[in-house]
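Worksheet for the structure shown next.
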Amino acid sequence: MSDKSVIIHVRFFNDGSVQEIGERPASLSSQEWFTKLTNAYAMDYMALSGGRGAFKLTPEELDVAKAATLQ
């Protein structure tokens, strides 16, 4: 396991839908990417103030998540 982490920042609209999210594959909307990450890595999500949040993943976990979008 890598000792480095990838932080994926999320910003939400006032209604709770995803406005923007980092590392998003072009084939997915921001909301779809957030849903996929949440389904796989909910324990690695941190809610932040101001309508923001972040996932903290290893580079390997991010690679697995992105590969899953190709299927």
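Every read-out reported here was derived from the displayed coordinates using simple, explicitly stated rules and does not represent laboratory data. Everything numeric in this text was worked out from a predicted model, so none of it was measured. Glycine gets a Cβ as well: all are built from the backbone with ideal geometry, and neighbour counts include every protein chain shown.
Shown here are the Rg and Dmax of the Cα trace of the chain, at 11.7, 37 Å.
Here the contact order of the chain, divided by its residue count and restricted to Cα pairs under 8 Å and six or more residues apart, works out to 40 percent. Annotation: amide H-H contacts under 5 Å for ARG24 (H modelled 1.01 Å from N, sequence separation of 5 or more, or interchain): none. A cut-off under 9 angstrom between Cβ atoms defines the neighbours of THR69, and their net charge, with Lys, Arg +1 and Asp, Glu -1, is +1.
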